[in-house]
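In what follows, a structure is listed as structure tokens, so that the remarks can point back to it.
The values are calculated or read from the model by the stated rules, or taken from the named source; none is laboratory data. As the structure is a computational prediction, the values presented were derived from the model and not from experiment. Cβ placement follows ideal geometry from the backbone for every residue including glycine, while neighbour counts extend to all protein chains displayed.
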Amino acid sequence: FLYGTISFATLRKRQHLAATKMPVQDLLYDWQVWCYFAVLTWALRKQLTRTSAKQASIAAALVAVTWYYILRYTTAYKARGGDNLFDDAYADVLQAPHDRNSCQLLTWVVVAALWCRHEPAELLWTGMLGAMSAAFALTPPSFQKRSTRVPLAYVVCSVLALLAVQRLPQLAVTDAVTFGVVLKALHLLLVAPRWLPSFGRSFDEAGVYAVLGVLIAWRRDRVACWPATDCQKSIFVDLVACAVISADAVRRDRGPTTAAVFCVASLVFSPGAAFAFFLALRAAAARDAYEAPAEAKPLGRVLVIGAGASGLAAAKTLLENGAEVVIVEKTGQIGGVFADAYEGAHQVSSKYITPFSDLRLGPEVESHQSLDDYVAYLHTYAVEHDLMRYMRHATVEVLDKTRRGYRATLLDGSHRTVEPFDRVAVCSGLHQEPKVPDIPGAFKGLVIHSQDYKESSIFKNKRVVVVGCGETAFDVAHAAAANNAAHVTLATRRGFVSVPASFGEDFAPLDCLIANAGTHCWESSWSRRVGFHWFITTKFQRLGMLCVSGSSAGWNQWRGRADAMDWAEGRKHIVNKATKCMPLINRGPKEAWWARPWRWLDKAQADVAVGVDLLDHYEAASFGGRAVRFRSTRADDRHDVEVAADVVVLATGYRQTFPFLKRASDGQDDALPTEHFICDPEEGDLAFFGFARPNVGAIPPMSELQAMWWVAKLQGRATGPRVPSAPYKLTNCRLSYGVDYGLYMFSLAREIGAAPNLARWILERPAVALACAFGQAHAPLFRLDGPFAHGDAPDVCATELLEPIRKRGAAMNCIFGLTLCFFA
């Protein structure tokens, strides 16, 4: 109002002094501007009454500076004999030096028009030069929770307005009337949505803001440090003012770190685009926020079978959610299979991925713990969560289904009891009943299963044959060679994929060389459906291994290529990470002169005198005295090989059996449930934890998330969409329960609303978002949001889980960043 009055009076005075008459079109146009600001003043009346003195002074200063430049430009323009003040002013800016344009002001209005649909009407006028700063200063964003859907009318008008803005540079060279018509149409588009019907259609708010941000940034106003014309100086003042005020509002809403990022984005894209991107992230965070149900269903009395890592995680989760828990362990000690391991056994999963979400390992711990240390960790976990008092030393003989739950027959020594339970969690572990192949013939030496192997002293001066190619088989073969065995032979039926668990304490471990975003979460649906990501990246992985280690079948793996090991997809194999044996296997193949460039990889085992002979694709056919006859498993090679032996170790795995369920399996493994290998839809009260086998990951964190999923399902808190199991299954794996670790974890988390809300953490704590996007599927990530959110999880993600990302190095992180660009 004040601007219109002063400018009109000033122009009339100058024209009177010049003894000229004011054209009617200028008079009408200036009165139109006067009306614009009269409406703005009327709309601001309530804001002016409740604004603070600080806000009012800031607004007054901004408007005063803007008015100064506008009035200078107005008088100078009229003195030059200009025809139409504001239309030509826009045209002058569009045609000014340095490729500047006035899109910034108009696109700011587009963002404001869409954003403030539930806010006071005065924000619609924030594009009007000096008034923009005043209105925005007096009405900073309130950031109240709103609907996450945008009506069709708003989307159409906003896009049409942006298209009009795109045409302004071309229209600037036309006549003033055409330019003025487009400008008035643009103003109309910004106001029209308030009175247009919604047409019964709406769009996701986050997507709409993201598109607007891209369109605005595409035609951003490149304002130089020192604008050229008076009008550009006015616009520049408004841009800086809007960026500062917006950043201050963002700081109040999300903190100083996010505000700093916003300021950088304002410089790169413009304040309008940065604000649109900010609103897109905020809308996405609100859309993906977990909403807890009004009331959780009771869990009742639950029997947990097993006190290993899976059993402890299940019991702790059940207790935290109000269940009455009884833990039954047949050995009477914590640790399960880890408590009865062979000498020198170490974990092949790292300290970043193996621990539970609420008890982490410190920086002083080596990257891969010994099993003795891990059992001590489990004891600490049980004590911290007071699980010991719920344990019983007993065996479950029979588990019967009843109308109201289950009836368990428990045997404690000679004392047998029958107790009722509402639900049962089976955590008995994979390594209970050894799988012993039926090999005919008599053997005069020692035959043991790897379960019975404890000390390497039994191999001294013996001829040793190890049947199998898993991590235990490799450990046993290496122990035999390192402890002066006379000869060591390793036999494999299908081959294997060998990649070391660690490349040294100063480097990120293998299970941390994976990024979540674009790989197994936040991945485009098309990329996931066609497997395009793995189809591309597998080729680079295999090519890298070929160049650095001389073999594309695995890292430094010159023998034992796995069946179906092609260049199409790399995540369908269970990786053997116990690789100390590979240099001993490679000795024969690397004797060739052309293999010399890769011999440096085997220096660590150079002091081991005995190598390991690999029988590639052979299975044990029969015993005879002190020899084992092997038969080729290749279709084109049927000859037999006889190997002299004193000790035979059968590292042939374990049967998956649940004898207490009395299932008729006909000698086959008992099947796991169909729903994520946890439970069957028709029998949801019986769950199995710790039986799915990851390709590159760890079972304990999987068991913890499985327990959370089961509890959320039982309590009615699984609010997410049902996720199919097919994408994460390793279809070409010899194990029917093999899964892609990260994809499996995020599938469970999405169903219960525990997947990290990436947009929220980008706004609230970018370091956490970095750990979520560039890190592996660590357990603390699934305690950030959802029904099982934990207060310490953000700090763990922002500190500990950034360490393996730093250890990767800049080059690898840049590669992951490119992966995000293509597949996320």
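Criterion first (buried (at least 18 other Cβ atoms within 10 Å of the Cβ) and either in contact with a Gly (Cβ under 8 Å, 6 or more places away or on another chain) or free of Cβ contacts under 8 Å to residues at least 40 places away in the same chain (or both)) does Arg493 satisfy it? So Arg493 does not fit the description; no. Being crowded, with 20+ Cβ neighbours inside 10 Å and assigned to a loop (DSSP other than H, G, I, E, B) is the filter here, so list the residues in segment 433-460 that pass it. If the condition is that a residue be crowded, with 20+ Cβ neighbours inside 10 Å and assigned to a loop (DSSP other than H, G, I, E, B), then Tyr453 is the only one that fits. Taking the conditions (1) outside the structural domain of Val426 (by TED's automatic domain parsing); (2) not hydrophobic (A, V, I, L, M, F, W, C); (3) not in a loop (DSSP other than H, G, I, E, B) in turn, Pro701 satisfies each one other than (1). Restricted to helices (runs of 4 or more DSSP H) entirely inside segment 715-799, those with at least 2 residues that are among the hydroxyl-bearing types (Ser, Thr, Tyr) are 741-752.
In segment 636-651, is there at least one residue being under 30 Å from Val739 (Cβ atoms) and free of Cβ contacts under 8 Å to residues at least 60 places away in the same chain? Taking every residue of segment 636-651 in turn, none turns out to be under 30 Å from Val739 (Cβ atoms) and free of Cβ contacts under 8 Å to residues at least 60 places away in the same chain. In the list Ala273, Ala345, Ala323, which residue meets the criterion of being modelled with pLDDT of 90 or more and of a type in the set (Gly, Ala, Ser)? Criteria check complete, one pass: Ala323.
Would you point out the residue of segment 668-698, among those that are within 21 Å of the chain's Cα centre (by Cα) and in a strand (DSSP E or B), that is nearest to Tyr744 (Cα to Cα)? Of everything passing the filter in segment 668-698, Pro694 is nearest to Tyr744 (Cα to Cα).
Quick check on Ala779: is it in contact (Cβ under 8 Å) with a residue 40 or more places away in the chain and buried (at least 24 other Cβ atoms within 10 Å of the Cβ)? So Ala779 fits the description; yes.
Ala382 meets the conditions (1) within 22 Å of Gly697 (Cβ to Cβ); (2) in a helix (DSSP H, G or I) in every case but one. The failed one is (1).
Contact map, segment 807-818: first residue within 17 Å of Ala771 (Cβ to Cβ), second residue in a helix (DSSP H, G or I), Cβ cut-off under 6 Å, separation 6 or more or different chains; pairs are Phe816/Phe774.
Put simply, of Arg722, Arg760 the only residue that is over 26 Å from Gly322 (Cβ atoms) and surrounded by fewer than 24 Cβ atoms within 10 Å (Cβ to Cβ) is Arg760.
Report those strands (runs of 3 or more DSSP E) wholly inside segment 577-662 carrying at least 2 residues which are within 29 Å of His346 (Cβ to Cβ). Once the strands (runs of 3 or more DSSP E) in segment 577-662 are filtered for at least 2 residues that are within 29 Å of His346 (Cβ to Cβ), what remains is 612-616, 618-623, 647-650.
Can you tell me which residue within segment 555-572, out of those that are part of a loop (DSSP other than H, G, I, E, B), at negative phi and over 26 Å from the mean Cα position of the chain (by Cα), is modelled with the lowest pLDDT? Let's see the steps before the verdict.
Of segment 555-572, the ones part of a loop (DSSP other than H, G, I, E, B) are 555-560, 562-572.
Then drop every residue that is not at negative phi, which leaves 555, 557-559, 562-563, 565-572.
Going one step further and asking which of them are over 26 Å from the mean Cα position of the chain (by Cα), we end up with 555, 557-559, 562-563, 565-566.
Working: Trp555: 85, Gln557: 85, Trp558: 85, Arg559: 85, Ala562: 81, Asp563: 73, Met565: 65, Asp566: 62.
So the residue we want is Asp566.
Per-residue answers, yes or no, for (1) surrounded by fewer than 20 Cβ atoms within 10 Å (Cβ to Cβ); (2) without any contact (Cβ under 8 Å) to a residue 60 or more places away in the chain:
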{"residue": "Val348", "(1), (2)": "no, no"}
{"residue": "Ser357", "(1), (2)": "no, no"}
{"residue": "His379", "(1), (2)": "yes, yes"}
{"residue": "Val398", "(1), (2)": "yes, no"}
{"residue": "Arg423", "(1), (2)": "no, no"}
{"residue": "His431", "(1), (2)": "yes, no"}
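Kindly check whether there is at least one residue in segment 655-664 that is within 30 Å of Ala481 (Cβ to Cβ), at pLDDT below 90 and within 33 Å of the chain's Cα centre (by Cα). No, segment 655-664 has no match at all.
Give segment 654-693 a look and list any residue that's small (Gly, Ala, Ser) and crowded, with 21+ Cβ neighbours inside 10 Å, or say none. Give the steps one after another, and end with the answer.
Of segment 654-693, the ones small (Gly, Ala, Ser) are 664-665, 667, 671, 684, 687, 690, 692.
Hits for segment 654-693 are Ala687, Gly690, Ala692.
Here Ala501 clears all of (1) buried (at least 21 other Cβ atoms within 10 Å of the Cβ); (2) under 18 Å from Asp452 (Cα atoms) except the condition numbered (2).
Enumerate the pairs (first residue in segment 451-471 and touching a residue at least 40 places away in the same chain (Cβ under 8 Å); second residue anywhere and of a type in the set (Phe, Trp, Tyr) and surrounded by fewer than 21 Cβ atoms within 10 Å (Cβ to Cβ)) with beta-carbon separation below 9 Å, excluding pairs fewer than 6 apart on the same chain, so at least 6 apart or on different chains. Pairs found: Gln451/Tyr654; Tyr453/Tyr342; Lys454/Tyr342; Glu455/Tyr342; Ser456/Tyr342.
Could you list, in sequence order, the residues of segment 467-503 that are over 24 Å from His573 (Cβ atoms) and either in a loop (DSSP other than H, G, I, E, B) or touching a helix residue (DSSP H, G or I) at 6+ places or on another chain (Cβ under 8 Å) (or both)?
Taking segment 467-503 as the starting set, the residues that turn out to be over 24 Å from His573 (Cβ atoms) are 479-488.
Hits for segment 467-503 are Ala479, Ala480, Ala481, Ala482, Asn483, Asn484, Ala485, Ala486, Val488.
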